Every structure is written in structure tokens, then in C-alpha cells.
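Reading through the C-alpha cells given below for one structure.
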Amino acid sequence: MRPLSAKVLSDLHWAEIIQALAARTRTEPGHRRALARPFCSCREDVERALAESDELGRLLREEGDGLPLGGVLDMGPMLEHAAKGGLLEPGDLLSAASVLRSLVRLRDFVEARQARLPLAWTRAEHLVADTTLARTIERSFDAGGALVDDASPRLGELRGRVRGLTKSIQARLDSLLHDPAFTPHLRDGYYSLRNDRYVFPVLASSRSAVPGIVHNASQSGQTLFVEPSQLVTIGNDLAIAQSMVAEEERRILQDLSMRLGAKQAELDDSIAAAAELDEHEASARLALDLGASAPHIVDATAPFRLLAMRHPLLALKKGDRVVANDLDLDERARVLVISGPNAGGKTVTLTGLGLCALMLRAGLAIPAERDSSLPLFVDVESAIGDDQDLDRDLSTFSAHLSALRDIGAAVGPGSLVLIDELAADTDPREGAALALAILEDFSSRGGRVVITTHLEELKALGLTHPGFVNARVGFDPQKLSPTYRLKFGEAGTSSAIEIARRMGLPESVCRRARETLESRQGPLGQALDALDKTRRELSQTQQALAAERRQVEAALSQLKAAHALVQEKAHAIEIEERARLVGDLEKARDEVREVIRALQAAPSPRAANQVRERLDEVLKKEAHALDFKRAEAALPAASRAAMAHRPIEPGMCVQVPGLGEAVVLALEGNEAVVSLGALKVRRRRDELLALPGKAAAKRDFPKSQPRDKKLEKMRAGAIEAPDSRLDLRGTRVDEGIRAAEAFLDKNFSEGRLSVTIVHGHGTGALRQALGDYLSASPYVASFRFGDEREGGTGATIVTFKS
């Protein structure tokens, strides 16, 4: 990798990218590091930087707030001063304690997520992890930043002595203020401090009456501030105690400063690691704001493809409003010639590619889709803008040639060369000849070259020279404005006259210009105009065909919807009729139930049961038919059509109306044996709905228990005779109640004392309905939930009347 020149960075406005990165940092050390972000020296460094950014980007998307970087400050000068034996002020020490806490918090945060943030952990694991010093500093100061008495045992003792002496002095001062022999000599009845000594305002005329030390006098000299002699000794004791306190406080601050200075190297490294994490998180935030992603890195000579590339600076300013373009160059394409109207996006495409190349060199994601690829160019050279300099006697063209000369000296394999308006500021024929020679020279030395131009001779190179590729930015002739869309394999016209008309030049001028152009235009220009006209006509034809196709598709969709509606109405009518029939049968069943109850009171309940069973059979048949139609109507039309042509086969997944999905185990005549978990039931084939597209799930049925365990359960009473136990799990409420009613009829008539009904837990609907039915049953003396051996609340034990 070669260093990038200041001119390239200036031409491409690289400083704005760096400023955008720094603005997304959250610490002062991270901000400084982002502003000085270097370009990576090798592919491995680029890939690691991209991976770290992507890792923290996932954290931002998942958790929103990112790393806890608050409180990480620059402590370099403070730590250096402490390491040299300097004394830190309380505010500095408390700031250092806050930074220590912040570093530990950051380390703990990343450690808790090290499985998701392995790269961030490689940096965070070296952060300071000891909070002892931070805790010691915090406990040594109060909220106002003053040392507390507990900062050391001696400090508390010395401050206690100062408080005691101060209290004694104040008691003596109050005594003197109330002494009738003393107060006449005072100017006013108060005392104050002068030079840290307690004094009274004594009249100058009473100086001899108040022996003591004069510490000050008023401006007039009429008042003397005297420390009475009886206070001098205790005042000296107080001054000595206060100096000892100050010395102890200084000793504590010095000790804390030395302990902090001893950690200078460790803290410097920790703050640097936190700054790196801050910088990488800022690059992740920048990528999210740009909608950027890490491209696949390819060799400089390999084909590369930028999908939906957007100019980074425009994307920062305008977001999603920026027109995205694909940039696709194969290994044979050495020179890309971009043409088209002024202000149409040629230079934007040129500088956007250059900035993406620089961002990749710096380990930053680029504003393009994820499947994009881009070489890691060893060098980027540019000639963009007007470099004329009157002081150096350089015109626009001579400055342009000077830049091309410098590029020629540097270009080589792996170089990317960006030239805006190559050889434009001279005679077009000579400029085109010079440009062709320059492009052939640069490409022959292994460089990839991208230029913008209005010269017709350069536009023709894409058709006549191998290794040259044309691309144009679009222009809408109806709106007379650029589309900013890049199209490969085509050369574009400059559309200068249309641009001039849009900018407000008089129509007569634009018309005259068009007449002059058409009379002097060369063969290539005429061919490009004809090609543009054909392209516009083709576009209009495609739009008309697309509109017709949309109309046909809409009509077809309406027909399908109408057909589906007719089918649904037919199913609804059939369901309504069957529901009416079931209602009639239910009414008849209620009437017969009364007859059955009367018969059961008679000596022969068996006859009543036979009547009841026949009626239930008819009702069950019609209810199954109704459920079948309801389930079939709930399926999509496509599934119903597929179902109608699929025969029922073993292993097929089917819908059993009223019970749910099941697997066909075997076919026996017109019936099928199906499995619903551990439950096996028989149903007629025409009652089953085949489920197309669903494979039968493998079911593990419970294995039989060993014989000795079965005997043990029988002895304990945990196994009941099959005839006294009814399992309703998997049935609907109405089916379950009918089955329970028949089961109770049978067992009551056989003289059983009690039975067990297993209903499971489920939603509780079946259990509730069963309880309501048992409460009203004429057979039932009582019922209860089972104990632990009997099935708990998933089973009900019913006791019959005697």
C-alpha cells in the first residue's frame, strides 16, 4: 500500500468523511483517534476493522444504546503529573475514580456479551478491572469534594482536637462579651477572625485596659482588633492543631496521587483501548447512517461490482433521496468512459467510486449493498477540479497537464486513476488525441482508469478499443432534466442545449444552437442522436406493453376472485342446510331423551339405551358431515382443488373434522384407521380431508411397561378396568359430552359403583362442560377430580347413585 497524496484527499473531500466519523464518537480520546484515523497498511487490517465495525453494528441494531462509554476521559496529563510525584487536587482524584469505574463498567458489559462480541472482547479484556482504588478515593471525600474524617484514623483524631479547641475558644469569647468590666472597652459587641486568630474590636483609647496582641486596625485608627492575652495560648494550640490537620490532609492526597500514578501505564492502555472501541462503534454508527456494508475484497485486476452505490457525502446529507447506481467492471475493463449531460451525475459517480476506495482503505463500510465487491487499490490518483494558479503561471489546461504528469509518474498495477473532463480545456481534436495516448499509457501499466468526458472521439473508444467501456448518465427529454441513472454499454450526449433551455436561456438562442449543431454534427454525434431516439421509442413501447400486461393481470385476478367467491357461497349454502338438519335432529334428540329418562325409571333400561344409541348414531353422522364441510371451506381454493383429486393412502397427513390433523395408519374397506398422537380412531374415508404438501410426522408411541411394574400399579390401585374408564382427550366438547352420556348410561345399567372420565387439561372447556353435565345427571351421586395416582385435575371420578 502506497501513501495517498494530499491532492487526492482534497479532491475527494476525505476530511468530511473523517469529520462525520469523529462526530459519532462519544469520548474525547475516541474523538481525537477518529480525527487521526490512518489508512490500513494491509488487507488483514482492513478485514479486521470491517469485522469489528460489523460486530458493534449488530449490537447497535439489537440493543440500541451500544457500549457504555460515558465517563471515559483523557487522563494523560493528570496521570503523568501523579507518576512524577505531583499532588492531585481532590477534583482530579474524584475524576480519576469516575474514569476507573467507567472502565470497569465497560469491561463488564463486553465480558457479559463476549460470545457475541469476540473482537470487542480482545480489547476490553485488557481494561482495568480493579475498583479498589476507585472505592478508596470515593470514600475519602464528601459530596462537596472535601476529605472526610474517615479518610485516615489520624485525620479524624486531629480534626476532633481542632473542634474541641475551637469550642473552648468560643466559650471564652462568649464569656468576655458578657463581662461588664470588659464590654465598655469594645467598639461593638462582636468578635471576628483576623489572620486566623479570634479578635475583638477594642477602642483605641482603651488599649491599655485590654492586654493582648493587636492583629489589625481600622482605617481611622479608632478601632484596634485585639486578641486578648487570655486567648493567646489556646489560640496557639488551635493554630498548631489546624496545621497538623492540613499536613495530614496533604499526606492523604499525596498517598492517593502516588497510588494513581503507579497505575499510569495500565490506565493509559485502558483509555487507549476504550478509545479504540469508541472509534469502532463510531464507524458502525456511520455505516448504519449511510446504509453501508462491508464489500467482498478482490484483487486489483479482478472484476468488481458495486451494487446500489451511493455517493457517501450525498448519502450523509440526503439519506434515501440519493439515486443509487450499479458499477460493474469485469477483468478486461481497464478504462471506464462516463459521458452524458452536464450536472447529470458524472463527477458524482467518479468521486463516489474514489471515496468508496478510500473508505475501504480506512477499514470503513461503503454505501453499497452487501453483495458488492471492490479491490483494495494500492494507490488512488486523481485530477478533479480546476487547479489553475496565477502565482505559478498555470492556466487551467497547464494545471491539468501538470496533474496528469504527476499521475503518470505514480500509476502502476493496482492503481485507481480518476480524471474529470480529461483534456477538455483545449482544441477538441488535439485534446482527444492527447487523451487517448494518456489513457493507453495508464492502462498499459496496470492501472484502472475512470474518466468523464464530452469529447465524441473518447466516447467512441468503448466501441473501437478493447479494454474501454462506455457508460452514460441518463437525461429525460420530456422533463429536460438529468435522471442521474448510470447505464453501461452506452455513450451519452451532452444535452447542452436542453440544459441551457432549462436554465432559462432565450428560446430563440436555443433554437439557433440546435440548427447549427444539426448542420455541423459529425457522424458519431448523429449516430448517438439516432440511438437516443430509438431508445426513447423502445422505452415508450415497453411502457405501453407493461401497462397492457398489468390490465390483463388485473382482469385475471378479478376472475379468479369471482370464481373463489362462487365456490365459497356454494359451500356456505351446503353448510347452512346441514346445520339446519343438525338442529332438527338435536330437537328430536331432546324429545327422545325425555322418553329415555322415563324408560330408565322402568324395569328395562336396556331398551332405552338402544333407542338412545340409534339416535346418537344418526346425529353423529350428520355432525361429522357438517364438520367435514366446514373444514373443507376453511382451506384455500388451491388446497381444495388438490384435495379433490388425491385418494386417501396410508402414511398421508389428513384433517379429521372436529379432531384436527392426523396420520393415516391403515385402510380397511371404506374406513381408515388414523392416529392422533397416542389416540387411534376409525373414520370413513369420505370424512377425511387430505392435506397436500404436508408430510406425515414420525410419531413415537409410548412403550409398554414391564410386567412387574404393571403388577405393582395394579396392587396400588392405579390401573382400572378398561370398561370403567373413558378417555375423552382430543375430542370436541359436544362429542365428549355425548360419549360421556353413553358411557354413564352403560355403566349405571351394569351396576358399577364408580367410573373414571379422563379429559386432560387443555383449555379447560371440556372439563367445565363435563362438570356442568354431571351436576345435572340423574345417575350421579357425586364427582371429584382424581388424586395424583388417578390423573389429578386431568381426570374426574364419578360415583353413581345406589
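A few points about this structure:
- Heavy atoms of residue 1: accessible area, 1.4 Å probe, square angstrom to 10: 90 Å²
- Spatial extent of the range 1-62: Rg and Dmax, with the Cα atoms as the point set, Å: 13.4, 40
- Ranked order, 441, 196 - accessible area, probe 1.4 Å, largest first: 196, 441
- Estimated FRET transfer efficiency (residue 2, residue 542; beta-carbon r; R0 45 Å; 0.05): 0.45
- Separation of alpha-carbon centers, the range 732-769 and the range 326-375, rounded to whole Å: 76 Å
- Förster-model FRET efficiency, 30 Å R0, residue 178 and residue 138, C-beta, rounded to 0.05: 0.05
- By accessible area with a 1.4 Å probe, ligands and nucleic acids excluded, highest first: order of 200, 182, 783, 39: 783, 39, 182, 200
- At the residue level, residue 280 shows approximately 20 square angstrom of accessible surface with a 1.4 angstrom probe and all protein chains present.
- With the cut-off at under 20 Å, measuring from each backbone N in the range 430-452 to a point 7 Å along the Cα-to-Cβ line of residue 373 picks out 446-450.
- Taking each of 318/346; 317/487; 7/318 in turn, the alpha-carbon distance tops 21 angstrom for 317/487; 7/318.
- Ranked packing of 767-778, 344-355, most packed first, by mean Cβ within 10 Å: 344-355, 767-778
- For the pair residue 62 and residue 157, a Förster radius of 56 Å applied to the C-beta separation gives a FRET efficiency near 0.50, rounded to the nearest 0.05.
- Inter-probe distance in nm under a simple model that places probes 7 Å from Cα toward Cβ, at residue 237 and residue 213: 1.6 nm
- Rolling a 1.4 Å probe across all protein chains gives residue 787 an accessible area of roughly 60 Å².
- Rounded Å value of the spacing that divides the Cα centres of the range 437-452 and the range 1-27: 26 Å
- Alpha-carbon centroids, the range 37-76 and the range 127-203: separation in whole Å: 52 Å
- Once both labels are positioned 7 Å from their Cα atoms along Cα-to-Cβ, the gap between residue 255 and residue 570 label points is 9.7 nm.
The values are calculated or read from the model by the stated rules, or taken from the named source; none is laboratory data. The shown structure was predicted, so the numbers you read here are calculated from the model rather than taken from an experiment. Because the Cβ atoms are built from the backbone with ideal geometry, glycine has one as well, and the counts that use them run over all protein chains shown. Note: areas computed on protein heavy atoms with side chains; ligands, DNA, RNA excluded. Shrake-Rupley method; radii C 1.70, N 1.55, O 1.52, S 1.80 Å.
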